[in-house]
Amino acid sequence: MMAKATAQTIESQPKAPITALILISGAASAFLFWLIYVHPPSQEYATRLLFLPALNALFNGMSAIALAIGFSYVRKRNLTAHRASMLTAFVFSVLFLVSYVINHALHGEMRFAGHGPVRTAYLVLLISHILLSVVALPMVLITFFFSLTGRFPQHKKLARFTFPVWMYVSVTGVIVYVMLAAWR
């Protein structure tokens, strides 16, 4: 009887933290939208830290590599290495986010200079990247929450969706950078 009550308590507990993670993700997405599309960058900083877009791409690429390594470890059932790889991917994603915010606060939105079909391809890629990055943030946080609190069945269910979305966002972030740099 006691075990059944404890199991019910554990199952009902994640609602408040999950709601908080979703709200935090929504607030972060709203802030980024404001920063990129509403907030005008200061001309005073226009020539400073111009390496940030390349650093963002590096962090995205490193996150994708850590995700791929983590995926291979979980398939081999090496859960300790899997956890280390996923934490590494998370750290690279956090570093990306910090660098991304600084870059956009200083420099604003970057415009793609290409025309014709390449511009269409870029915009399709960019829009899918942006939309899925908004979805990825709460998914990643909730997947980590389930893992760190020992809710492995829920973690495994959600991770099946989180992994490909997170990987897509990381890889397309690098592609967006390369396209912007190539058509500068």
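The values are calculated or read from the model by the stated rules, or taken from the named source; none is laboratory data. If you're wondering where the values come from, they're calculated on a predicted model, not measured in any experiment. Quick reminder, even Gly has a Cβ in these numbers, built from the backbone with ideal geometry, and neighbours come from all protein chains shown.
Looking at the structure I just gave you, is Ser85 part of a helix (DSSP H, G or I), in contact (Cβ under 8 Å) with a residue 24 or more places away in the chain and of a type in the set (Ser, Thr, Tyr)? Steps first, please.
Numbers: part of a helix (DSSP H, G or I): yes; in contact (Cβ under 8 Å) with a residue 24 or more places away in the chain: no; of a type in the set (Ser, Thr, Tyr): yes.
Answer is no for this residue.
One line per residue, one yes/no per condition, for (1) touching a residue at least 12 places away in the same chain (Cβ under 8 Å); (2) surrounded by fewer than 19 Cβ atoms within 10 Å (Cβ to Cβ):
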residue: Ile127; (1), (2): no, yes
residue: Ala136; (1), (2): yes, no
residue: Val140; (1), (2): yes, no
residue: Phe146; (1), (2): yes, no
residue: Pro164; (1), (2): no, yes
residue: Met167; (1), (2): yes, yes
residue: Val176; (1), (2): yes, no
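What's the number of the condition Leu126 fails, among (1) under 25 Å from His39 (Cα atoms); (2) out of contact with any helix residue (DSSP H, G or I) (no Cβ under 8 Å at 6 or more places or on another chain); (3) part of a helix (DSSP H, G or I)?
(2)
Between Phe51, Phe31, Phe90, which is modelled with pLDDT of 85 or more and either acidic (Asp, Glu) or within 17 Å of the chain's Cα centre (by Cα) (or both)? If you could, list the steps in order and put the result at the bottom.
Details: Phe51 fails: either acidic (Asp, Glu) or within 17 Å of the chain's Cα centre (by Cα) (or both); Phe31 fails: modelled with pLDDT of 85 or more.
Among Phe51, Phe31, Phe90, only Phe90 is modelled with pLDDT of 85 or more and either acidic (Asp, Glu) or within 17 Å of the chain's Cα centre (by Cα) (or both).
So in the stretch 101-116, with the set limited to residues that are without any contact (Cβ under 8 Å) to a residue 60 or more places away in the chain and in a helix (DSSP H, G or I), which one is surrounded by the most Cβ atoms within 10 Å (Cβ to Cβ)?
In the first step, residues of the stretch 101-116 are kept if they are without any contact (Cβ under 8 Å) to a residue 60 or more places away in the chain; the result is 102-103, 111, 115-116.
With in a helix (DSSP H, G or I) added as a condition, the list becomes 102-103.
Values: Ile102: 15, Asn103: 20.
Out of the qualifying residues, it is Asn103.
Mind checking which residues of the stretch 35-66 are assigned to a helix (DSSP H, G or I), out of contact with any helix residue (DSSP H, G or I) (no Cβ under 8 Å at 6 or more places or on another chain), among the aliphatic types (A, V, I, L, M) and farther than 19 Å from Ile175 by Cβ?
none
Can you say whether Gly150 is assigned to a loop (DSSP other than H, G, I, E, B) and either within 17 Å of Val91 (Cα to Cα) or free of Cβ contacts under 8 Å to residues at least 12 places away in the same chain (or both), as far as the supplied structure shows?
On the way: assigned to a loop (DSSP other than H, G, I, E, B): yes; either within 17 Å of Val91 (Cα to Cα) or free of Cβ contacts under 8 Å to residues at least 12 places away in the same chain (or both): yes.
Spelling it out, Gly150 is indeed assigned to a loop (DSSP other than H, G, I, E, B) and either within 17 Å of Val91 (Cα to Cα) or free of Cβ contacts under 8 Å to residues at least 12 places away in the same chain (or both).
Report every pair of residues separated by at least 6 positions or lying on different chains whose Cβ atoms are under 7 Å apart, first residue within the stretch 32-52 and touching a residue at least 60 places away in the same chain (Cβ under 8 Å), second surrounded by 12 or more Cβ atoms within 10 Å (Cβ to Cβ) and assigned to a loop (DSSP other than H, G, I, E, B).
Qualifying pairs under 7 Å: Pro40/Gly108; Pro41/Gly108.
Kindly evaluate Thr120 against the criterion of being without any contact (Cβ under 8 Å) to a residue 40 or more places away in the chain and buried (at least 19 other Cβ atoms within 10 Å of the Cβ). So that I can check it myself, show each step before the final result.
Numbers: without any contact (Cβ under 8 Å) to a residue 40 or more places away in the chain: yes; buried (at least 19 other Cβ atoms within 10 Å of the Cβ): no.
No: the conditions fail for Thr120.
From the set of residues in the stretch 81-100 that are farther than 16 Å from Ala159 by Cβ and β-branched (Val, Ile, Thr), which is surrounded by the most Cβ atoms within 10 Å (Cβ to Cβ)?
Our first condition is that a residue be farther than 16 Å from Ala159 by Cβ; within the stretch 81-100, this holds for 91-92, 94-100.
After this cut, where a residue has to be β-branched (Val, Ile, Thr) as well, the list is 91, 94, 98.
On the way: Val91: 14, Val94: 12, Val98: 12.
The extreme case among them is Val91.
From Val134, Val174, which residue is more than 12 Å from the chain's Cα centre (by Cα), at negative phi and of a type in the set (Val, Ile, Thr)?
Values: Val134 fails: more than 12 Å from the chain's Cα centre (by Cα).
One residue alone meets the criteria, Val174.
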